[in-house]
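Below you'll find the structure, written out as structure tokens, and then a few comments.
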Amino acid sequence: MSTWSAMGEPLPSPLETWPRLGDELGIELWVKRDDLLPFPLPGNKVRKLDAERRSAGWAPGDLLISNGGVGSNHCRTLATWGARIGCAVHLVLHDESGETDHAASRAMLTDLGATFDVVPPDEIAATIAAAADASSRRVHVVPGGAHTPAAVGAYEAAARATLAEAAFDDVVVASGTGATQAGIVLGAQESGARVVGVSVARRAERGAAAVRECLAWFDADDARVVFDDAHVDGGYGRHGASTDAAVRRGWSHGLPLDPVYTGKAFNGLLTMVADGTVRPGSRVLFWHTGGIVNYLESTSHRS
Ligand SMILES: *Cc1c(COP(=O)(O)O)cnc(C)c1O
């Protein structure tokens, strides 16, 4: 027997109650800890890529190619999977405009044995094609952010299992490409919970369309999509004082949030509690998607 996911079961992460923080907010707060999956520097990319790995049949000696920002959780997680199972990993990275130099991310990719190019965004597709052509290995080009049907399916399974443990009024999750949110929407369909994706970057129209596109892969594009774009706070990889305050509020309770993803989602939850969108006394699941490296890199300049 090999790994914990050999049977295709959802990867295990804790489902916790947070009574002290919940009381402060006037809700019954639970947290699904995908930031504590049994994997280095975990988050939702572990679930997404584990599913993609099994679906595509990555094998030792294969070459995995993908793209993302220099500090991308997807790329770091892919490099970790590759190192673990013996696949070569080549990443086509773009330099995100800068709140940080991503020194730790670059060091990790190097130590994991991944190779990478840093190119302007308009050269990404051609660079990926050239890297695939140049290799004599079996090549898997993994979509950026692990935006794949297998990844949506992994979140569907995880959400179904989680919502079978307890009934929730609302589920709140950080939403980027929308695959994680779409999976949770699918897995929550029978439970009746409202799933709110809090955007980390995209405006509502584009973001909701992307979630719906993922749902269409599962013939479920008529499912209810709530995509809240009120907390993007400057856009992807940027943030201001309100995200910062949400991040610090989490940490002050021992809940590790980050300013790129989970802090924006938590800010969304705080606002929905304040304006009554989430009713007092509701049972709310905050689905924690990771982001510890984003936090560390964003705070590395603080004294
Ligand atoms: C990638 C990521 C997300 C967004 O996931 P999508 O499936 O693209 O919506 C949320 N949180 C963290 C920490 C991430 O790394």
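Could you provide, to the nearest whole Å², the per residue accessible area of the chain with probe 1.4 Å? Show your work: numbers first, answer last.
Values: 12580 Å² over 303 residues.
On a per-residue basis, 42 Å².
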Q: Could you check how many percent of all C-alpha pairs in region 37-100 are farther apart than 14 Å?
A: 56 percent
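Extension gain Arg224-Ala161, at 0.36 nm per residue separation less the Cα-Cα distance, in nm? The partial results should precede the final answer.
Details: separation 63, 0.36 × 63 = 22.68 nm, distance 1.98 nm.
Extending this stretch completely gives an extra 20.7 nm.
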Q. Assuming R0 = 22 Å, what is the FRET efficiency of Ala130 and Arg106, from their Cβ-Cβ distance, to the nearest 0.05?
A. 0.50
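Excluding Ser282 itself, calculate the net charge of residues whose Cβ lies under 15 Å from the Cβ of Ser282, where each Lys or Arg counts +1 and each Asp or Glu counts -1. Walk me through the numbers on the way to the answer.
Working: positive: Arg194, Arg279, Arg283; negative: Asp23, Glu24, Glu28, Asp169, Asp170, Asp275.
Around Ser282, the surrounding residues sum to -3.
Carbon and sulfur: what percent of the chain's accessible surface (1.4 Å probe)? If you can, show how the numbers build up before the last one.
Numbers: 6520 of 12580 Å².
In the chain, the share of accessible area belonging to carbon and sulfur is 52 percent.
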**Q.** Share, in percent, of DSSP beta bridges within the chain that are antiparallel, nearest 5
**A.** 10 percent
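Could you give the size of the charge dipole of the chain about its Cα centre, using +1 on the Cβ of each K and R and -1 on the Cβ of each D and E, expressed in debye and rounded to the nearest 20? Walk me through the numbers on the way to the answer.
Values: 27 positive and 36 negative charges, 85 e Å.
Taking the Cα centre of the chain as origin, the dipole is about 400 debye.
Using just the helices of the chain, give the 222 nm mean residue ellipticity in deg cm²/dmol: DSSP H runs with n ≥ 4 each add -39,500 (n - 2.57), and the total is spread over all residues, rounded to 500. Intermediate values should be presented prior to the final figure.
Working: 11 runs with 125 residues, N = 303.
It comes out at -12500 deg cm²/dmol, rounded to the nearest 500.
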Q.
Rounded to the nearest 20 debye, what is the charge dipole size of region 36-184 about its Cα centre when +1 sits on each Lys and Arg Cβ and -1 on each Asp and Glu Cβ?
A. 620 debye
Q. So what does Thr100 come to for accessible area, using a 1.4 Å probe and Å² rounded to 10?
A. 40 Å²
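With an 8 Å cut-off on Cα pairs and a minimum separation of 6 or more residues, tell me the relative contact order of region 148-303 in percent.
Details: 284 pairs, mean separation 37.8, N = 156.
Over region 148-303, the number comes to 24 percent.
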Q: Hey, can you grab everything whose amide H is under 5 Å from the amide H of Val89? Only 5+ residues off in sequence or another chain; H modelled, so Pro and N-termini drop out.
A: Leu64, Thr115
Q. Non-local amide H neighbours of Gly43 (under 5 Å, H modeled in plane, Pro and chain starts lacking H): which ones?
A. Leu37
**Q.** Rounded to 10°, Cα long-axis angle of helix 179-188 versus longest principal axis of the chain
**A.** 50 degrees
Q. In whole Å, how far is the Cα centre of region 192-218 from that of region 143-191?
A. 11 Å
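Can you give the percent of C-alpha pairs in region 90-222 whose distance is more than 24 Å? Please report the intermediate quantities before stating the final value.
Numbers: 4000 of 8778 pairs.
So the pairs more than 24 Å apart make up 46 percent of the total in region 90-222.
Could you tell me the ratio Rg/Rh of the chain? Both radii from Cα atoms, Rh via Kirkwood.
Values: Rg = 18.6 Å, Rh = 19.5 Å.
Rg divided by Rh gives 0.95.
Students often check this: by mean Cβ neighbours within 10 Å, which of 103-114, 46-57 ranks highest, and how do the rest follow? Display every interim value, and only then the final one.
Details: 103-114: 16.2, 46-57: 22.0.
Going from most to least packed, we get 46-57, 103-114.
The values are calculated or read from the model by the stated rules, or taken from the named source; none is laboratory data. Not measured: the values here are computed from a predicted model. Cβ: placed from backbone, ideal geometry, glycine included. Neighbour counts: every protein chain shown. Protein only, heavy atoms only, side chains kept; ligands, DNA and RNA dropped before computing areas. Shrake-Rupley method; radii C 1.70, N 1.55, O 1.52, S 1.80 Å.
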